[in-house]
Structure formats: structure tokens, C-alpha cells
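First comes the structure, then the notes that go with it.
The values are calculated or read from the model by the stated rules, or taken from the named source; none is laboratory data. Owing to the predicted nature of the structure, the values given are computational and were not obtained by experimental measurement. Neighbour counts are summed over all protein chains in view; Cβ atoms, including those assigned to glycine, are modelled from backbone coordinates with ideal geometry. The accessibility values were calculated without ligands, DNA or RNA, using every heavy atom of the protein model including side chains. Shrake-Rupley method; radii C 1.70, N 1.55, O 1.52, S 1.80 Å.
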Protein chains: 2
Amino acid sequence: MSATATLNRFTDFMVGPARFMNLLSCFELGLIDALRQRGGQTAAELGTAVGATSNAVEQLLLLPVKEGFVAQDEATGRYSLDALAEVPEADVQRVLTLMNMIKVTMVRQVFYLTESVLTGTLVGLEKLYGFQGGTLYDAVAEHKDLRESWATLMDNVTAHIDPWFFDNITVPAGARVLDVAGNTGLGAILTHRLKGSPGLHVTTFDLPEKEKEALENFRAHDLEGRCGFVGGDVFEGVPAGHDIVLIKHFLDMWDKDEVRRILRSVHRSLDHGGQVNILVPVYPENTRESAAVDVDFFPAFFLGCTMGQGGPQKMSAYRELLEECGFTVTNTVTQDPARLLPGTFVVHGILSATKTS
Amino acid sequence: MSATATLNRFTDFMVGPARFMNLLSCFELGLIDALRQRGGQTAAELGTAVGATSNAVEQLLLLPVKEGFVAQDEATGRYSLDALAEVPEADVQRVLTLMNMIKVTMVRQVFYLTESVLTGTLVGLEKLYGFQGGTLYDAVAEHKDLRESWATLMDNVTAHIDPWFFDNITVPAGARVLDVAGNTGLGAILTHRLKGSPGLHVTTFDLPEKEKEALENFRAHDLEGRCGFVGGDVFEGVPAGHDIVLIKHFLDMWDKDEVRRILRSVHRSLDHGGQVNILVPVYPENTRESAAVDVDFFPAFFLGCTMGQGGPQKMSAYRELLEECGFTVTNTVTQDPARLLPGTFVVHGILSATKTS
């Protein structure tokens, strides 16, 4: 790549923040909805409909017109939906949930990425919310805007990904299952729903403050005898007495050294032959030849916005970490990027492994 | 474009903020400099050099590796510069000035784009700086971080663009020139330097608070008798008695209605045959078929970060506005996008026009 080509490629990065908010703002203002209701509107008509000047409408619609999302009639200047007319409303809503999560948890925070990396703390959360010494997952408890944007997105992700996970793992009848970092019990409930068998028992393991809500959830789902909760910290030890351990949506939050500590804790808790099943975003094996945008997203997300550390690894790296910690990997599954839900870009992987040493 | 293709295109927008800060952070942390000094370093070595964990270094370098800016040896995992090795240091610095301006004046502020459009005010400046009722150009007077990032960039732009402007306009010997919104006199000084002729006199017209610094600048450049300053507000009237009016880096800040008011003020101030020369960013004529990224950038920049209104127009729109206001356009020049400085994306245009009605 020539020096000129390299620097010109930089311009595509430079417009990234503006481009993101311009597109999202067209939805937030209601311009896209107004055009869905009635095509062929002028900038002035749209401006009146959404409470903006016609000048602002003209400026903000340049980008969707350039992209072919919206059409503009050359002679009259009137706007209509173009490609966006073909997108089902439900898909738009799903994608807007993701865009809103990015807006609320990242757009401002990422300004402080360098300071966050240097300190290993979330400087953005401190500067913007006065929140110190914790992660985004702690901050959502205190800040409604963070919680709503984050929880709505994660509910979408879990609803879509967890069934795929359970389709691809084996849970024998009567197994004693431990869901590590199982939050308030959703994973345990899903295990019963998707892998239910006589005698199956699932224990949610997470910080003690999650217990009350988890037990309420078990009661609400009529699973009181078949689910349990153990409070504790995975870095201090994982409760023993289980055949199968699940680790979903968790390892990507940690630096490799912490991932090793987690896997060793799990290893100690299992008997020989015990199994672990991991669900985690995975980077493409060949960074250079990938068209995927997950490597564009996750480093800034984890280092600057959610943890101050962490980030996904390649499937091969997770495999090595498991082997290093005394497991033999028995199965791996990677999502086919071509079959992700439209408008999503996170490729998940599943690793199943057995304690063999 | 199918619904799936449309939504997948959205993912490229979604990663925009993360991608921008990830790349910039690699420079801010000193990772690129460290690799320029010595190739073949591991993540751990780089981490020690810049004060970050090796995990963070690995995460942040994924993107530059994917883009081919940085190379990673497959066997050893060691990093070296790839395409970035070919880019002259001075070009890197110039591009980082632009990226820093975007970071400081846009990344956080653009979060409030929708509210800014609905109110016509800079909600981001208010929320982040407690700055109310003004523009970025007012806020730079009070906030050093905004001022430094903004002024450094504009000095770069002016040094590069204004000579091109003066190359393309005619200023006859002895002309009386008025530089509208001439700030603290730089345009007047450049007119003398680049168009100097016996009897040439240039008056800077701007808000009265600019007078002191402008007069000091004229003295420092030994131009006391040949430059002057008039304080006033362009929306209340433009001083008469000039042959040629210059309007540089100004019309893009305003909504079309305000552009009309400015052009009508200028028209009233000129005698029949008087000329106006405009320097302004211009959008491509065919939005749909353009690969340019200026429409990705400017709407969010002006509406959300600098003015709460405004934004560039197409050359054809500026031509129409001039004709509407009683001018005949005599010459237009548009920068060739292929000949912009590498790593810049703003295409400027020049319009020269004569008062004919």
C-alpha cells in the first residue's frame, strides 16, 4: 500500500464517529419513520414533521442518499425510502437496539480510550458519570441510561445466541450443571428449557448480590427444586460437585491471565472427566484477510467502555488456553459469518472440553 | 440493495466510533512510534515501552494489522510497521492533527447530535463544557483543549488552501479589498503576500473584539498603511467602498437563509461591477455516485459540534444562491479530489462573481 493510499484509508476512519451518529440521528429524529409513512416529501415538509430546519434535514439526509438507503428525486428534491423500504420494521428495531447500545455505552466514553488503557480503568465512566473503580456491568446498576441500552441489547443477543449454544452442547440426563457467572439465573432457566431431562439440576454461580433475583426467577419459572444459586467469586474458587460447567458471555471480558485463572478454578472444581462448555465471541483466525468488523469494535469496547481490560481471542487461542489449563478440547463450533442475523457482526464460538489431567 | 445487504452495511457505521479511537490510540500510546524505532517487538515489549498491558497491546494492534498498517509475524507474534513504514513522519503528523481535532471537538459532542438538531444549539458543548448560547468558534476562546486542537488544524488548512485560492482569483493592482469574516487579519496579510500590488489595500471585517489582535498582526507584518480593520456584524451590513470582497471559510457555517442574507449584505455594499470571491468546501454534485466522505463528516460536524446549523452545499447550490442575490458568476474552480493532500477529504471550491443587478 502506498503512503498516499494508507493515509487516504485513514480518512475512512476519521469520519467514523460522524457517520455513525448521522445515520442514527436520522432514525432518532423520526426522518426514516416519516418517509416510511409517506414517500415524496421535501426537506421542508420533513423538517416540519420532525421539528428540525429544512437545512438540517438536507444535511443529514445526504449520507443515507449517498448510501442508497434513501432516494432523492433529482428534479424535485423530494425524498423517499430506497433500500430501507425493503427492510422489515422488526429488523430495523433490532439493529437500532444495537446502535443505541453503542451510542450510550461507547460514543462519549471511547474519547478516553488511551487513558483507560494506561490506567486499566474506565476513565470515561469516571469523567462522564462520576463512576469509579468498577466496570460497566457495575455501573449499569446505578445508571438507568446505561442499564436500559445495555440490557435491551443483551436480551436480544441472549435470545438469539443461547439456543444455538444449547443446540451444540451435550447435557446428559440427570447432569449436575454449574453456570459460571450465571447472573440472575437466565442461563439455568434456558438449560432446563432447552436441555431439560429427568434429574437435571442447574446451579447459578455468581456474586452473592445476584442471589435474591435469581431465586425469584427460579420460582417464577417453577424451577425451585431443579435450580440453585451459589454466591462467590470465580477468582477465589468455583464450587465443586458438578458434571458440567457452562461459561457463557464471560471469558471475553478478561485479559488472558485472568482467563487462565478462571479456567484453572473451573478445572479444580471438576472431577476427572468433568466437562466445560464455553460460549464466547471469537476473532477470525487470519486477522489480515478478514473482512469482519469485530476487531474494529471489541478492543475499544472492552478496554475503553466496559472493563478496562479483556477482549475476545481467536478460537485457536481459547483452545490453547484450555489445553494449558488441563482440558482436552472435544468440540469447537464457530458461527458462519454469512449466517449472522443481518446487521450484526459478532461471531460467537463454542468450545467443549473435558478435564483430562 | 437487499434488506440483508442494507443492514450489513449498517455494521460498518456501527464500528465507526470504536475504529476511529482504536487507530488514534495506537498513535497516542506511542505504539506506532515504538515500532518505527524498532521493528520485531512482542506485545509484552511494546506494553512495557508504552505503559500498557500486553493484552491491551494485542487487542489494539488487531485493527492496524487487519488494515495492513502494521505487520505481525505469524510464527513469533512480533509486530513491525507495514504500510505505515512508507509514510513520511511529517504526513503522519499532519493527519494526526486532523484526527486530534476530530477527537476533541467531535467524538463526545456528536452523541448529542439529535438534541442539537432539534434545538439548533450545541447541546454537546453545554453538557460537556457548560458552554451555552454560542458556537465552537466562541467556545475556543474559553477552552484551551478545544482551541488548541481546532486552531492547529485550521492553521494547517489555511496554509495549504489559501495559496490555492489566491492563485485562482484576480486582484487588480490598487484594488480596495474587503475580507469578510477576516478574523484577526490573516487573510488580509495573505492577500498582500500572494497578490501584492502598488496601492493594494485590504480591510479585515469581523466582530469588533478581533480588532486589537488584527492591528497587532498588521504591525508585525509591516502592513499598517496597507491594511485596516472595520468592526461589525455581517448580518447587519457590510462596509461599502470596496472593489473586491473575499469570503473565505465562512459560508459553510450557515443555513441557506443566512447565506442569502450574507450575500445580499455584500451585494448592497458593492458598486455595480464589484466582485466577490468565495472559498468554501463544496459537496460533490452527484451525492449518490460519490465516493467522497465529506458528506459523512460535515453534517454532524456543523449541526452537532460547531454551529448547530450550517453545512456546505454543492457548487451548483452556491452558484444559484449568488445568482439569486444579484451576482453573475464569472468563474468556478473545484479541487480535484485525486489531488488533495493524502489523508484529507475536504474538497474546496472557489466561486468568483460580479454584481450585475
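Shortest first, in nm, what separates the label point of A:ARG339 from those of the same position in the other copies (7 Å along Cα→Cβ)?
With the label placed 7 Å along Cα→Cβ, A:ARG339 yields 5.3 nm.
To the nearest 0.05, what FRET efficiency results for A:ARG264 and B:ALA151 with a Förster distance of 60 Å applied to their C-beta separation? Write down the numbers at each step before the final one.
On the way: r = 54 Å, r/R0 = 0.90.
That gives a FRET efficiency of 0.65.
Of all the accessible heavy-atom surface of chain B, with the other protein chains kept in place and a 1.4 Å probe, what percent is carbon and sulfur? Can you show the working numbers first?
On the way: 6620 of 13780 Å².
With neighbouring chains kept in place, the figure for chain B is 48 percent.
Using the Cα centre of chain A as origin and beta-carbon charges of +1 (Lys, Arg) and -1 (Asp, Glu), tell me which of A:ALA353, A:GLY311, A:VAL280 is placed farthest towards the positive end of the dipole.
A:ALA353
If you plug each phi of segment A:88-104 into the Karplus form 6.51 cos²θ - 1.76 cosθ + 1.60 with θ = phi - 60°, what whole-Hz ³J(HN,Hα) values come out, in order, with x for Gly and Pro?
These are the phi-based 3J(HN,Hα) values: x, 3, 5, 5, 4, 4, 4, 5, 5, 4, 5, 5, 5, 4, 4, 4, 6 Hz.
Find the sum over both chains of the accessible area lost when B and A are paired, probe 1.4 Å, and report it in Å² to the nearest 100. Please list the in-between numbers first.
Numbers: alone 17850 and 17800 Å², together 27510 Å².
Its buried surface, counting both partners, is about 8100 Å².
Going 7 Å from Cα along the Cα-Cβ axis for the label, what nanometre distances separate B:ALA5 from the same residue across the other copies?
So the distances to the same position in the other copies read 2.5 nm.
At a Cα cut-off below 26 Å, give the lysines reachable from B:LYS212, other chains included and same-chain residues fewer than 8 away excluded.
Those lysines meeting the cut-off are B:LYS144, B:LYS195, B:LYS248.
Go ahead and run the numbers for FRET between B:ASN286 and B:GLU324, Cβ-Cβ distance against an R0 of 22 Å, rounding to 0.05.
Efficiency computed from Cβ-Cβ geometry: 0.50.
Restricting to DSSP H runs of at least four residues, report the calculated mean residue ellipticity at 222 nm for chain B, -39500 (n - 2.57) per run over all residues, nearest 500 deg cm²/dmol.
Working: 15 runs with 164 residues, N = 357.
Result for chain B: -14000 deg cm²/dmol, rounded to the nearest 500.
What fraction of the DSSP beta bridges in the protein assembly as shown is antiparallel, stated in percent and rounded to the nearest 5? Intermediate results must be reported in sequence, preceding the final value.
Values: 36 of 78 bridges.
Given both bridge residues lie in the protein assembly as shown, the antiparallel proportion sits at roughly 45 percent.
Taking 2.2 N^0.38 Å as the expected size of a compact globular protein, what ratio does the Cα radius of gyration of the protein assembly as shown give against it, to two decimals?
1.09
Semi-axes of the equivalent ellipsoid of segment B:3-83: what are they in whole Å, largest first, if each equals the square root of 5 times a C-alpha gyration tensor eigenvalue?
Numbers: eigenvalues 143, 37, 22 Å².
They are 27, 14, 11 Å, listed largest first.
Sorted by accessible area (1.4 Å probe), largest first, how do A:MET1, A:MET21 line up?
Values: A:MET1 110, A:MET21 0 Å².
Most to least solvent-accessible, the answer reads A:MET1, A:MET21.
Between the DSSP loop rule and a limit of at most 12 other Cβ atoms within 10 Å, which GluC sites (Glu not before Pro) in segment A:30-119 are left? Walk me through the intermediate numbers first.
On the way: sites: A:GLU45, A:GLU58, A:GLU67, A:GLU74, A:GLU86, A:GLU89, A:GLU115; in loops: A:GLU74.
Passing sites in segment A:30-119 are A:GLU74.
Taking the solvent-accessible surface of protein heavy atoms with a 1.4 Å probe, what is the per residue accessible area of segment B:151-296 in Å²?
Values: 6350 Å² over 146 residues.
Result: 43 Å² of accessible area for each residue.
How big is segment A:159-258 on each of its three principal axes, counting only the C-alpha atoms and giving the largest first in Å?
The Cα atoms of segment A:159-258 stretch 38, 30, 27 Å along the principal axes, largest first.
Can you list, largest first and rounded to whole Å, the semi-axes you get for chain B by taking the square root of 5 times each eigenvalue of its Cα gyration tensor?
Working: eigenvalues 349, 107, 82 Å².
With the √(5λ) rule applied to chain B, the semi-axes are 42, 23, 20 Å.
Which residue fluctuates the most in chain A, going by a Gaussian network model with Cα springs under 10 Å, if the choices are A:ARG176, A:ARG78, A:ARG268?
A:ARG78
Just subtract the alpha-carbon distance of A:ASP73 and A:LEU194 from 0.36 nm times their residue separation and send over the number in nm, one decimal.
Numbers: separation 121, 0.36 × 121 = 43.56 nm, distance 5.11 nm.
Working it through step by step, the gained length comes to 38.4 nm.
How large is the direction-averaged shadow of the alpha-carbon convex hull of segment B:88-180, in nm²?
On the way: hull surface 35.4 nm².
Averaged projected area of segment B:88-180's Cα convex hull equals 8.9 nm².
Looking at the axis that maps chain B onto chain A, which chain B residue has the closest Cβ, and how far off is it in Å, rounded to a whole number?
Residue plus distance in Å, as requested: B:GLY16, 1.
Leaving out ligands and nucleic acids, note down the accessible area per residue over segment B:1-47 with a 1.4 angstrom probe, in whole Å². The partial results should precede the final answer.
Working: 1380 Å² over 47 residues.
Heavy-atom accessible area per residue stands at 29 Å².
Which value in Å does the Kirkwood hydrodynamic radius of segment A:290-357 take, with 1/r averaged over all unlike C-alpha pairs and then inverted?
13.6
Given a Förster distance of 45 angstrom, what is the FRET efficiency for A:LYS144 paired with A:SER357, based on the Cβ-Cβ distance and rounded to 0.05? Please list the in-between numbers first.
On the way: r = 47 Å, r/R0 = 1.05.
Efficiency at R0 = 45 Å is approximately 0.40.
Using modelled amide H (1.01 Å from N, peptide plane; none on Pro or chain starts), what sits under 5 Å from the amide H of B:THR204, excluding residues fewer than 5 places away?
Under 5 Å from the amide H of B:THR204 lie the amide H atoms of B:ASP179, B:GLY228, B:PHE229, B:VAL230, each far enough along the sequence or on another chain.
How far apart are the A:PRO172 label points across copies, placing each 7 Å from Cα toward Cβ, in nm, shortest first?
10.0
May I ask you to find the residues of segment B:101-129 that are shielded by at least 40 Å² of accessible area once the whole protein assembly is considered instead of their isolated chain (probe 1.4 Å)?
B:LYS103, B:VAL107, B:ARG108, B:VAL110, B:PHE111, B:LEU113, B:THR114, B:VAL117, B:LEU118
Report the label-to-label distance for A:ARG219 and A:ALA240 in nanometres (one decimal), using points 7 Å from each Cα along the Cα→Cβ vector.
Reported label-point gap for A:ARG219 and A:ALA240 is 3.3 nm.
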